[in-house]
Ligand SMILES: [Zn+2]
């Protein structure tokens, strides 16, 4: 394995990194995201790949003419606020490095091979994750996606336009989808299962069902020093009750529930708030457990809101069903890559991915690379150089196998 991965990695590493926190702030269509996408286009072109942008803002770099039964790999370059270095970029840099590795092995794919960069995977700017892949597969309508607004009221359609793309082309692309024979995403593990199993690389079996719900609590703003407790309609109280209930409900159902984003109005130290808007992220191994968590949080929010003279409204912002990755592809990969060592460890994940969205349309698989901290969506997210190289080598093996790559002809 050459140092191509490290070279590419060090080119991309400074883009969008905040010097104070060490975390990444690559928000879709913003300056850092645009720079990262530009880096990808030149890195791909420098490797002789033909780059195109689909109608939904996803990038595709083709080795060989785009055609049927293509094998596609890739991930995303956008980040959560102060995200880690690996979530997304590992799968993009790893894909380019894997193509270099195939070339070094003297192999040429017999089927078209593409590296893709999906737009707005994290949903950090426009609220809905995996927006590029959802649009591509038709899981979200162009009308809804185009109208999603960021915190400043700028819509996805306007932001795309400002980046030089035509929002009139948004929507499902069945021709492009129809070309994909298989999609494989390389990703950093967002947990410590591989640490416990002692393996640098694993293969995903399923993605837990998960979703995002918004809760709006509305009360009455008032003076913190003169308004008697009995006279208040304080939306912070049912909000707090909902947060605690989310934790209790997740524990009771073997699930995960998080309130990581909240907006308070007017957000003054000496004012009873008028409004609290909060977002609940919930994930569980099955739909029943997920529903149970959300229903308990909803009931607690309503009960407490009634007690405190506050109104509450809940909205489902996005929901992803249980995804089981293609068994045949998963087993083929596990045998191909981990054959001599008895197969790759199988992992389930609570994190959503573009691969999870694509799995509804094409045979899809994911490879995970060990993360010693287990932390993700934070600067502490980590992977050793050796494990990244193991991930790239595994991806190269998989791509060689799936594309039926053979020795390059001298002609
Ligand atoms: Zn990711």
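Bear in mind these aren't lab numbers, they're just calculated from the coordinates by the rules spelled out. No experiment lies behind these values; they were computed from the predicted model shown. In this analysis, Cβ positions are derived from the backbone assuming ideal geometry, glycine residues included, and neighbour counts consider all displayed protein chains.
Summary table
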| item | result |
| --- | --- |
| For the range 161-264, convex hull of alpha carbons as volume per residue, Å³ | 259 |
| Range of Cα positions in the range 333-406 per principal axis (Å), largest first | 40, 31, 21 |
| Packing-based ranking, highest mean first, of 254-266, 356-368 given that Cβ atoms within 10 Å are counted | 356-368, 254-266 |
| Distance between modelled label sites at residue 328 and residue 13, nm, 7 Å Cα→Cβ extension | 4.2 |
| The chain: antiparallel DSSP beta bridges as a percent of all, rounded to 5 | 70 |
| Gain in span if fully extended, residue 401 to residue 229, counting 0.36 nm per residue against the direct Cα distance | 55.1 nm |
| Potential extension, residue 105-residue 378 segment - 0.36 nm per residue separation minus Cα distance | 94.7 nm |
| Rounded tilt (10° steps) of 327-338 against the dominant C-alpha axis of the chain | 60 |
| Listed peptides 142-154, 31-43, 388-400, 168-180 by packing density, highest first (mean Cβ within 10 Å) | 388-400, 31-43, 168-180, 142-154 |
| Using alpha-carbon coordinates, inclination of helix 385-402 to the longest axis of the chain, degrees | 60 |
| Computed Kirkwood radius, in angstrom, where 1/r is averaged over Cα pairs of the chain | 22.4 |
| Sites residue 248 and residue 20 - FRET efficiency at Förster radius 25 Å, r taken between beta-carbons, to 0.05 | 0.10 |
| Computed lengthening from residue 317 to residue 287, 0.36 nm per intervening residue step minus Cα-Cα distance | 9.1 nm |
| Residue 214-residue 346 FRET efficiency (beta carbon distance; Förster radius 51 Å; 0.05 resolution) | 0.90 |
| Expected-Rg normalisation [2.2 N^0.38 Å, Cα atoms] applied to the range 226-357 | 1.47 |
| Gap separating the Cα centres of the range 1-48 and the range 330-384, nearest whole Å | 22 |
| Taking the convex hull of Cα positions in the range 1-143, its mean projected area over all directions (nm²) | 8.8 |
| Helical contribution to [θ] at 222 nm, DSSP H n ≥ 4, -39,500 (n - 2.57), averaged over the chain, rounded to 500 | -11000 deg cm²/dmol |
| Estimated distance in nm for a label pair at residue 360 and residue 265, the labels positioned 7 Å out from Cα along Cα-to-Cβ | 3.2 |
| Antiparallel %, DSSP beta bridges [both residues in the range 56-140], to 5 | 45 |
| Principal-axis tilt of helix 31-46 within the chain, Cα atoms, nearest 10 degrees | 10 |
| Percentage, to the nearest whole number, of Cα pairs in the range 131-220 over 19 Å apart | 63 |
| Residues residue 335 and residue 152, FRET efficiency given R0 of 45 Å [Cβ-Cβ distance, rounded to 0.05] | 0.35 |
